[in-house]
2 protein chains.
Amino acid sequence: MKFIFVSSNIHKFQEVQEILGDFNLEITFHQQELPELQSESLEEIALFSAKYIYPQLQRPLFVEDTGLFIHALNGFPGPYASYVYKTIGNSGILHLLEGKNNRTAIFKTAIALTFSETDFKTFLGETQGTIAQIEKGKQGWGYDPIFIPLEGDQRTYAEMDLHEKNQLSHRRKCLKNMAEWLQKNKPIF
Amino acid sequence: MKFIFVSSNIHKFQEVQEILGDFNLEITFHQQELPELQSESLEEIALFSAKYIYPQLQRPLFVEDTGLFIHALNGFPGPYASYVYKTIGNSGILHLLEGKNNRTAIFKTAIALTFSETDFKTFLGETQGTIAQIEKGKQGWGYDPIFIPLEGDQRTYAEMDLHEKNQLSHRRKCLKNMAEWLQKNKPIF
């Protein structure tokens, strides 16, 4: 059985599909903007959206939510990464970090997976990194040009091709947690 | 009959109570943190929270949501004013505006008023202003030290006492819209 990945963001689908291929999980895509809760918990946000859409689709599905948490900015932009990107963008983030020594940040992804109205499970994945001094690279989207994963080699996500980013990314770690849990607990999928 | 004002913020209650006194409306306060939707519409956010709490209280109530929309920042921080204040604060906003000529902004309040599960009404109020060059004044809370209402005299909200701010404020305009509507449509209150 294939899961439905529900998101308004086609970029996310492309990443999710590539990553889950490594775990022999096939998915379909349902492109839709979902209502999201204001919360500092990405899991809570993803779960709220998944519970909202389940009655419409009535098939196993998952929703993800991603945030960027910058330490020197007390976690900003956090779960509102998407709105902040649309308004002040990467240049706004770089501006806010001028003169700050600590540029560490964490990219986090949460997934809410749902099998029925009452059967839900959430997963988290995170990647530690630093915020670059300037925007670098053209690949990916969003904050990719300013996020340098710690496990990498000083390049931003946007300086890596999709496959390379997908080896290191917060989203992969979260999807891996989901895939491993599924293998163990729901081997039918 | 008294309306219940539901909010986690005691400062808001104090303002709302003072303002509604001018319109002979008495309220009680129910202090509670409510779930809020992520949305660029303050009315939608307030309505979602009001619909959430109504079944618990089962009495006429209202919820408000306020946002600060800065033009040069494409509307940032908008509906996420509270989270942005907690993380980057007024100094972050001033930093983002360095070198920008246009410092105009709008403070907006939306109210969702509910009489029953199916009887709802929303109101809006807004005050145009500019963002000060530095924080000024000690009164009020949140963005008050950086917001100068256009109708005033170059002082920030935080340089005015509560009564004076309440004559000009976005929150007053919204509450006035609500009070006038109530007089006309629900004279029982």
query = In the list B:LYS138, B:LYS173, B:LYS108, B:LYS121, which residue meets the criterion of being surrounded by fewer than 20 Cβ atoms within 10 Å (Cβ to Cβ), more than 14 Å from every other protein chain (Cβ to nearest Cβ) and within 12 Å of the chain's Cα centre (by Cα)?
reply = B:LYS173
One residue from A:LEU37, A:LEU47, A:LEU20 being aliphatic (A, V, I, L, M), in contact with a strand residue (DSSP E or B) (Cβ under 8 Å, 6 or more places away or on another chain) and not in a helix (DSSP H, G or I) = A:LEU37
remark   = Pairing a residue in segment A:28-40 that is within 14 Å of chain B (Cβ to nearest Cβ) with any residue that is of a type in the set (S, T, N, Q) and surrounded by fewer than 15 Cβ atoms within 10 Å (Cβ to Cβ), where Cβ atoms lie under 7 Å and the two sit 6 or more apart in sequence or on different chains, gives A:GLU33/A:SER8
note = By residue number, the members of segment A:49-67 that are within 16 Å of the chain's Cα centre (by Cα), within 12 Å of chain B (Cβ to nearest Cβ) and not small (Gly, Ala, Ser) are A:ASP65
inquiry  = Tally up the residues in segment B:146-165 that are in a helix (DSSP H, G or I) and surrounded by 20 or more Cβ atoms within 10 Å (Cβ to Cβ), please.
reply    = 5
note = Scanning segment A:147-177 residue by residue, those hydrophobic (A, V, I, L, M, F, W, C) and within 11 Å of A:THR127 (Cα to Cα) turn out to be A:PHE147, A:ILE148, A:LEU150, A:LEU168, A:CYS174
query = What tally of residues in segment B:167-179 results from selecting those that are over 15 Å from B:PHE5 (Cβ atoms), touching a residue at least 40 places away in the same chain (Cβ under 8 Å) and out of contact with any Pro (no Cβ under 7 Å at 6 or more places or on another chain)?
reply = 5
query = How do the pairs read when you match residues in segment B:72-92 that are more than 9 Å from chain A (Cβ to nearest Cβ) with residues anywhere that are surrounded by fewer than 23 Cβ atoms within 10 Å (Cβ to Cβ) and assigned to a helix (DSSP H, G or I), using Cβ under 7 Å and keeping only pairs 6 or more apart or on different chains?
reply = B:ASN90/B:PRO145
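Each value in this text was obtained by applying a stated rule to the coordinates, not by laboratory testing. Since this is a predicted model, take the numbers as computed values, not measurements. Positions of Cβ are generated from backbone atoms using ideal geometry, with glycine treated the same way; all protein chains shown enter the neighbour counts.
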